[in-house]
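Below is one structure, written out as structure tokens, with a few remarks after it.
The values are calculated or read from the model by the stated rules, or taken from the named source; none is laboratory data. Just so it is clear, the model here is predicted, and its values are computed rather than measured. With ideal geometry, Cβ positions are generated from the backbone for all residues, glycine too; neighbour counts draw on all protein chains shown.
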Amino acid sequence: MTDTTVAALVKRLNLQPHPEGGYFRETYRAAETIPPAGLPERFGAARSVSTAIYYLLEAGQHSRLHRIKSDELWHFYTGDPLTIVEIGPDGTLRETQLGAALDGSTIFQHLVPAGAWFGATPAPGGRFAPMGFALVGCTVAPGFDFADFALAERAALLAAFPRHEAWIRRLT
């Protein structure tokens, strides 16, 4: 790739602003669907079997805390490492470094389970020269639908998980 600036990637990949922050484009939506009777009760209608997106965060941006009703598998493609922050239903906080370092400090893929509050932010530093962005992919099964998407409300999360105040304030 000759030009890895954020503007060039947004144009080349035809990315659009995402409501949670950053840029995205859906790259796959399975033609087959799962009927409501074949899904857990939390889904109110049929869903695609699976969906996938490109997702780009530039330095200084973050993915606001949100949750969805499906599992979401994150894949690292290029750029700076990305910190994925999750707050599980039981209040457990987990930070995962997604990236390309082969020394064990980052991983290439990470699963966020359905129902967890989660967000992400490009990680400072790393082993490589900063590129100013993180380009990842996300695969969701059953497939993503905005009806299953909820952005976190800061006050509600602070009341539920006060010990995670720093991350909640940073990612809401």
In region 86-102, what count of residues is obtained for those that are under 29 Å from Ile34 (Cβ atoms) and surrounded by 15 or more Cβ atoms within 10 Å (Cβ to Cβ)? 5
Yes or no: region 75-84 includes at least one residue that is farther than 22 Å from Ala141 by Cβ, modelled with pLDDT of 95 or more and within 11 Å of the chain's Cα centre (by Cα). yes
Restricting to region 1-51, count the residues that are under 19 Å from Cys138 (Cα atoms), of a type in the set (Ser, Thr, Tyr) and within 22 Å of the chain's Cα centre (by Cα). 6
Within region 19-41, residues being in contact (Cβ under 8 Å) with a residue 40 or more places away in the chain and assigned to a loop (DSSP other than H, G, I, E, B) number 6
Would you confirm whether any residue within region 49-68 is loosely packed, with under 15 Cβ neighbours inside 10 Å, part of a loop (DSSP other than H, G, I, E, B) and hydroxyl-bearing (Ser, Thr, Tyr)? no
Could you check, for region 119-130, whether at least one of its residues is buried (at least 21 other Cβ atoms within 10 Å of the Cβ) and within 21 Å of Gly44 (Cβ to Cβ)? no
Test Ala134 against the stated conditions and say whether it is in contact with a Gly (Cβ under 6 Å, 6 or more places away or on another chain), surrounded by 14 or more Cβ atoms within 10 Å (Cβ to Cβ), among the small types (Gly, Ala, Ser) and more than 27 Å from Arg29 (Cα to Cα). no
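This table checks each residue for (1) in contact with a strand residue (DSSP E or B) (Cβ under 8 Å, 6 or more places away or on another chain); (2) under 21 Å from Ile107 (Cβ atoms).
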| site | (1), (2) |
| --- | --- |
| Asn14 | yes, no |
| Ala30 | yes, no |
| Pro36 | no, no |
| Arg42 | no, no |
| Val49 | yes, no |
| His62 | yes, yes |
| Asp71 | yes, yes |
| Gly79 | yes, yes |
| Ile84 | yes, yes |
